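Working notes, structure below.
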Amino acid sequence: MNKHWLVVSFLLPILVVGFLLAFDVSTVSKAEYGDITLNHYAEKAGMPPVVFPHWFHRIRFKCKVCHPAIFEMRQGANDINMIKIIKGDFCGKCHNGRIAWPPIYCDRCHSGKSDITIPKARGFIK
């Protein structure tokens with residue numbers, strides 16, 4: 001009987017912490033080192049800012065995959081908007097439904113902290 005309680009008292013805290021870490025349901029994405037927030041058009045259009053996970057992409061691809069052919073490496077040099085992305089420019093070079101998921105899941109990119117809430121229907125089927 002004592003061994004049973006000893007095992008439970010040891011494993012229970014580990015299970016609780018593991019459960020909390022596994023099911024972190026934060027509503028706002030957490031920026032990592034090197035992430036870029038894009039907000040030139042987002043909030044004007046009623047959307048939260050875009051958080052581009054630069055490090056996430058960088059650990060998978062060399063810099064030359066995107067720079068300078070797709071993105072110029074100078075702040076403000078890339079006039080990125082959804083029309084251009086949908087037409088296959090900028091992020092749309094890869095996020096086209098063939099290489100990576102298509103730009104129809106708004107909340108995957110528009111995840112920055114904002115007072116704006118995303119309306120239920122935005123004209124895209126998810």
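Side notes on the structure shown:
- Filtered residues of the stretch 34-60 (kept if assigned to a loop (DSSP other than H, G, I, E, B) and surrounded by 11 or more Cβ atoms within 10 Å (Cβ to Cβ)): Gly34, Asp35, Asn39, His40, Tyr41, Ala42, Gly46, Met47, Pro48, Pro49, Pro53
- Total residues in the stretch 73-110, condition outside any loop (DSSP other than H, G, I, E, B), over 17 Å from Val51 (Cβ atoms) and open to solvent by 70 Å² or more (accessible area, probe 1.4 Å): 3
- Sole exception among (1) touching a strand residue (DSSP E or B) at 6+ places or on another chain (Cβ under 7 Å); (2) open to solvent by less than 50 Å² (accessible area, probe 1.4 Å); (3) modelled with pLDDT under 90 for Ala31, by number: (2)
The values are calculated or read from the model by the stated rules, or taken from the named source; none is laboratory data. Treat the numbers as computed from the prediction; the structure is a model and nothing was measured. Here Cβ is always computed from backbone atoms with ideal geometry, including for glycine, and neighbour counts include all displayed protein chains. Accessible surface is based on the protein model in full, side chains and every heavy atom, while ligands, DNA and RNA are left aside. Shrake-Rupley method; radii C 1.70, N 1.55, O 1.52, S 1.80 Å.
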